[in-house]
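Shown next, in structure tokens, is the structure this report addresses.
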Amino acid sequence: MRVKKYLSLLVTVAFLLAMLPPQGSAQAIGVSAVRFGATCGDFSLMVAISGTTDDGGGFDRFRYQVLDGTGKKLYLENAARRVGVTIGSQVINMSYDNDGVDGPPTANPIRLQIVDLDANNNPTAILKDETFNASCLPPASAVTITENFRPTPFLKALFIGEAQLFRAPGRDPMDLRIGAGKEHFAFYRSPDSQWIAIDVSGEQLMWVPTSVVSVDIARLGVPPSRIDGSDPATGAAIVQPTSAPVVVIPPIGQPAGSALVTRRLRLRSEPSLRAPQLTVIPRNEVVFVYARNGAGTFIRVQYKDLIGWVSTCCVSFIDTRLDLLPRLE
């Protein structure tokens, strides 16, 4: 009799466990293209998120949260994605204090979690759980990400004069300088447009005066205050609309969105398989998208400092759709 009761209890427990929301549930919001890195003061993240389940009003709700090795909250942001829409986000050196003052991490690993929420913002599943060792703290073992986050190249800045590097616009000068003639990628501008943030292959973006570089500053956004929908091209987080959004097609020459390359692709000079090859784009790279050809078989993209055409066979659009792209023959 005791054996039967014990077996019955096991069956009941197994049934209840099966009813719990699984990590990475297929019913939950879609997450892809995750890259993550952290220091003791900030973190960087690139991610694409798709709305899949209607939590009310046509939106799928989710949460970004960053924790330290003790479970202490460093950053938390609730967001929503319209069902059927995929939007990519990229933040670089986002301060933990952007959501309030929580103080720095005290132990590795620094943990990024993307959490599915229900209509009342209650957690239902952990969709992504990535860990990284910040170099400022003793390392923890078995992290999921081992390499520093490298920002996706955005906009080249040519130095027309020698420049001292600063940790912040006009503050915290460093004993490092960049000479005239050097090129680095620019990502943000200060609100007054007097400073730009550049990538110098370190953990932090560095700031230099706008006056010493040649760069199209109008294409740079200010550092964002939220993760969701932010990127260097706009610097502003999206606000999900309550009704269908108005689609504005940008002019030719400005990016219309971005896309993830899902397989190695040849970048060609024209929208044809017979056109000269400019380079090969590796799998999992993110490119800026400009236009499509009439047949919709090729799209015009920017990869690093090259602009050309790739086949639509092996790309996943992040924040636009093929039918929304300007047509260019």
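Residues checked against (1) among the hydroxyl-bearing types (Ser, Thr, Tyr); (2) touching a His at 6+ places or on another chain (Cβ under 8 Å); (3) surrounded by fewer than 19 Cβ atoms within 10 Å (Cβ to Cβ); (4) within 14 Å of Gly88 (Cβ to Cβ):
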position	(1), (2), (3), (4)
Gln277	no, no, yes, no
Tyr290	yes, no, no, no
Phe298	no, no, no, no
Tyr303	yes, no, no, no
Ile307	no, no, yes, no
Val315	no, no, no, yes
Asp319	no, no, no, yes
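Across the stretch 139-186, what is the number of residues that are crowded, with 18+ Cβ neighbours inside 10 Å and farther than 15 Å from Asp305 by Cβ? Residues flagged as crowded, with 18+ Cβ neighbours inside 10 Å and farther than 15 Å from Asp305 by Cβ within the stretch 139-186 amount to 8.
Restricting to the stretch 31-63, and then to whatever is among the small types (Gly, Ala, Ser) and in a loop (DSSP other than H, G, I, E, B), can you tell me which residue is nearest to Pro223 (Cα to Cα)? Selected residue: Gly41.
Evaluate the following for Ile227: is it modelled with pLDDT of 85 or more, in contact with a helix residue (DSSP H, G or I) (Cβ under 6 Å, 6 or more places away or on another chain) and closer than 30 Å to Leu112 by Cα? Spelling it out, it is not the case that Ile227 is modelled with pLDDT of 85 or more, in contact with a helix residue (DSSP H, G or I) (Cβ under 6 Å, 6 or more places away or on another chain) and closer than 30 Å to Leu112 by Cα.
The values are calculated or read from the model by the stated rules, or taken from the named source; none is laboratory data. Note that the coordinates shown come from a computational prediction; the quantities given were computed from them, not determined experimentally. Counting neighbours? That spans all protein chains shown, and the Cβs are built from the backbone with ideal geometry, glycine included.
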